[in-house]
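Notes follow once the structure below has been shown.
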Amino acid sequence: MSDASVNESQVRESLRDVNDPEIGRNLVELSMVREVRIGSDSAVRIDIELPTPAYPRRERITAAIEAVLNARLPAAGPVGVTYSWKVKGKETGGAIGLRAKNVIAIGSGKGGVGKSTVAAVLAVGLQSYGAKVGLMDADIYGPSVPHLLGVNQRPEIVEQAGPDGQVVRRISPIDADGLKLMSMGFLIAAEDPVIVRGPILHRTIQQFLQETAWGELDYLIIDLPPGTGDIALTLSQLLGLAGAVIVCTPQKLALLDAVKALNMFRKVKIPVLGIVENMSGDAFGRGGARQAAAERGVPFLGEIPMEPGIRINGDAGQIRAAIAEGSPSRSYLLHMCEQVAMQIARSLLETPSMPTLEML
Ligand SMILES: Nc1ncnc2c1ncn2[C@@H]1O[C@H](COP(=O)(O)OP(=O)(O)O)[C@@H](O)[C@H]1O
Ligand SMILES: [Mg+2]
């Protein structure tokens, strides 16, 4: 090898000077440099492992790598950067046999703000990037998931090998184009009133988590019912969640709703990933939830416009159409998905204490 060539360790050393634009730490420290190869003419090929397939604008990493290598290693030939991804998580569902890397609850301080819509969009959105996703409807009295995804099937019971080799019976989730769904709506006829009382409610949620054959998931999204936090408490007793996403509308009173939701999650010890503003636009104004997030030191995860297409698609069981190309809300919805995924990636690097919640 001539003096004018570069080697792998020089490249890796230089990559310590490249900060990840989303997380603000260097690529080596973040274990994002999966492979470095030096080809003929000192061509440099680098594979970067992203913490989520929903990583926004990865070309910023490419530009930062090129800039640093050009400055630090003039002998390097052309630089090519490729990307792979691997979702990491707390994987705390192990105790109940749930193999979901990240469990995300969607909640709010009041009803009708678009929790179910946001939960469904998050699920189809993260799936559209390539992640393995499940969507669990924890609204036992008023399930929305079958309606939003346009499916109405009865789940099958399957027999699987349990941890000790014994045969266990599991409910097979409904598969909606690769997205795995579970909802009370699949288990009862739409017109049946659901009569489930406290202890049975707890048991039903546990069954949904534990006795559904979810398989391995990168993200399990849980649509919470409106209310006091009983279900959130049940969840937090069963597993460690990646966190909660709070949905708020943009009115001036958004701060009150946000605080109510923040207090609820704090009480049940579920970390808060951040706040989404839904239905922003003329009728409700704009920016109330963003301001609430700023005032409470909680990450703001994006705004979703008040857009008739979202309601129409949801009502038609076509919520996927809201994120399809050409949909006016697509960029907002995908941005929100990216922000949630990145907030999870960031929170995994933090210490287990919850700095944002101490500010309440
Ligand atoms: N961004 C939006 N633009 C227009 N309509 C929306 C939007 N978000 C939600 N909706 C509509 O608002 C209603 C309530 O939403 P939903 O997701 O069921 O709320 P929640 O689960 O909080 O009760 C639904 O009819 C839904 O289609
Ligand atoms: Mg709902």
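If R0 equals 25 Å, the separation of the Cβ atoms of L253 and D230 corresponds to a calculated FRET efficiency of about 0.55. Normalised size of the stretch 193-260, defined as Cα radius of gyration per 2.2 N^0.38 Å with N residues, equals 1.32. Within the same chain, aspartates and glutamates fewer than 8 places from K90 are excluded, and of the rest, those with a Cα less than 17 Å from its Cα are E216, D218, E350. Element breakdown for the chain at a 1.4 angstrom probe: carbon and sulfur atoms account for 50% of the accessible area. Each residue of the stretch 119-135 was assigned a 3J(HN,Hα) from its phi angle through the Karplus expression (A = 6.51, B = -1.76, C = 1.60, θ = phi - 60°), giving 4, 5, 5, 4, 5, 5, x, 4, 5, 5, 7, x, 6, 8, 10, x, 10 Hz with x at Gly and Pro. Could you let me know the centre-to-centre spacing of the stretch 283-311 and the stretch 132-151, using Cα atoms, in angstrom? Here the two parts' Cα centres lie 23 Å apart.
Computed over the stretch 140-283, the P(r) curve from all C-alpha pair distances, binned at 10 Å from the origin, holds 10, 33, 36, 17, 3, 1 percent per bin.
Our estimate of slack between Q206 and S40, defined as 0.36 nm per intervening residue step minus the Cα-Cα distance, is 54.1 nm.
Remark: accessible surface ordering of Y141, Y83, Y55 (largest first) is Y141, Y83, Y55, probe radius 1.4 Å. Axis angle, to the nearest 10 degrees, between helix 59-72 and the longest C-alpha principal axis of the chain: 20 degrees. Expressed in units of 2.2 N^0.38 Å, where N is the residue count, the Cα radius of gyration of the stretch 8-85 is 1.00. For the chain, the Stokes-Einstein estimate of translational diffusion at 20 °C and a viscosity of 1.002 mPa s comes to 98 µm²/s, using the Kirkwood hydrodynamic radius over alpha-carbon pairs. Based on Cα contacts under 8 Å between residues 6+ apart, the chain shows a relative contact order of 18 percent. Sorting E307, E35 on solvent-accessible area from highest to lowest, probe radius 1.4 Å, gives E35, E307. With Cα atoms defining each centre, the stretch 312-326 and the stretch 5-77 are spaced 38 Å apart in the structure.
Between A316 and K110, the FRET efficiency from the beta-carbon distance, with R0 = 22 Å, is close to 0.30.
Take N7, project a point 7 Å from its Cα along the Cβ direction, then tell me which residues of the stretch 25-56 have their backbone nitrogen under 19 Å from it. The answer is 35-46, whose backbone nitrogens lie closer than 19 Å to the label point. For the stretch 62-204, the relative contact order is 17 percent, taking Cα pairs closer than 8 Å that sit 6 or more residues apart in sequence and dividing their mean separation by the residue count. For the stretch 201-355, the relative contact order is 18 percent, taking Cα pairs closer than 8 Å that sit 6 or more residues apart in sequence and dividing their mean separation by the residue count. Here each label is just a point 7 Å from Cα along the line to Cβ, and for Q160 and E325 those points are 3.6 nm apart. Here the mean projected area of the convex hull built on the C-alpha positions of the stretch 73-149 is 9.2 nm².
Pairs exceeding 26 Å between alpha-carbon atoms, taken from K86/K180; K86/K267; K88/K110; K132/K252; K115/K267; K86/K110: K86/K267; K88/K110; K132/K252; K86/K110. Taking packing as the residue-averaged number of other Cβ atoms within 10 angstrom, the listed peptides 199-209, 229-239, 268-278 run from highest to lowest as 268-278, 229-239, 199-209.
The values are calculated or read from the model by the stated rules, or taken from the named source; none is laboratory data. Please read all numbers here as calculations on a predicted model, not as lab measurements. Glycine also receives a Cβ, built like all others from the backbone with ideal geometry; neighbour counts cover every protein chain displayed. SASA here: full protein model, heavy atoms, side chains in, ligands and nucleic acids out. Shrake-Rupley method; radii C 1.70, N 1.55, O 1.52, S 1.80 Å.
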